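Here's the structure we're looking at; comments come further down.
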Amino acid sequence: MTSVIVDSAVPPAPCGRGRVGPGAATRPPGAGRWCVEGVRPGDGPALHDLFARCSPETVRLRFFGCLRELPREYADSVLACRPEEHDAVLVHQGDRRRPVGLASLAAPAEAVPGGAAVLGVLVADACQGRGLGAAMVDELLVRARRRGVERVSASVLPGRSRLLDALARHLVPESSSLDRDGLTGVYRLRPHGR
């Protein structure tokens, strides 16, 4: 499935057609429109290129460390295209070989009932603040609900709690914890349409 993001309320920006609103339409991709699509096994070079175009600070905020390349284990898991284990989507503007964002939802590492899937989002610096991350998260949550996922967790570094606040506006906050590495929020997915 491809989501096409249209009807921007913000004037066109260098990276695309401005801010993305909720409720992206599902249509074939068109010129000048942002497309959110599931990652495919052949997307490896595009994901490595996306990572290379991100600043060290963007990488640190996403992966909680200074990395020189996309972590191999993470890339392998995303590119395996097993949504029940690690679902992932990318966003591009007509050429999926040049994505500007990647978001994923990994199954809980622990095999405990009620474990929360782990959310992660990476958006290229030049395209941040346009709602592309939110559009990818929306698509992942729709897909997760279809698979029966009930809980999602997200972690942020200290000082970035507003990202978790944004999730709380769309999901039901269940718990949060703070440790030396950052803040983690756990959320229950609302049934679709509520």
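The values are calculated or read from the model by the stated rules, or taken from the named source; none is laboratory data. Here the structure is a predicted model, which means the values were calculated and not measured. Cβ atoms come from the backbone with ideal geometry, glycine included; neighbour counts cover every protein chain shown. Protein only, heavy atoms only, side chains kept; ligands, DNA and RNA dropped before computing areas. Shrake-Rupley method; radii C 1.70, N 1.55, O 1.52, S 1.80 Å.
A few points about this structure:
- Cβ crowding within 10 Å averaged over residues, with 128-134, 147-153, 162-168 ranked highest first: 128-134, 147-153, 162-168
- Dipole axis of the stretch 61-194 (+1 Lys, Arg; -1 Asp, Glu on Cβ), positive-most option in Ala103, Ser153, Cys127: Cys127
- Heavy-atom accessible area ranking, 1.4 Å probe, most first, across Cys54, Cys66, Cys81: Cys66, Cys81, Cys54
- Val172 paired with Asp95, simple spin-label distance in nm, labels 7 Å along Cα-to-beta-carbon: 4.5 nm
- For the stretch 30-72, the list of GluC sites (Glu not before Pro) that fall in a loop by DSSP and count at most 16 other C-beta atoms within 10 angstrom reads Glu69.
- Summed side-chain charge close to Gly38 - residues other than Gly38 whose Cβ falls under 11 Å, Lys, Arg +1, Asp, Glu -1: -1
- Accessible area (Å², 1.4 Å probe, nearest 10) - Ser161: 50 Å²
- In order along the stretch 182-188, phi translates into HN-Hα couplings of x, 10, 10, x, 10, 10, 9 Hz, rounded to whole numbers, per the Karplus curve 6.51 cos²θ - 1.76 cosθ + 1.60 with θ = phi - 60° and x for Gly and Pro.
- Cβ-derived FRET efficiency at R0 22 Å, Ala126 paired with Arg60, nearest 0.05: 0.80
- Proportion of all alpha-carbon pairs of the stretch 121-173 beyond 17 Å (%): 42 percent
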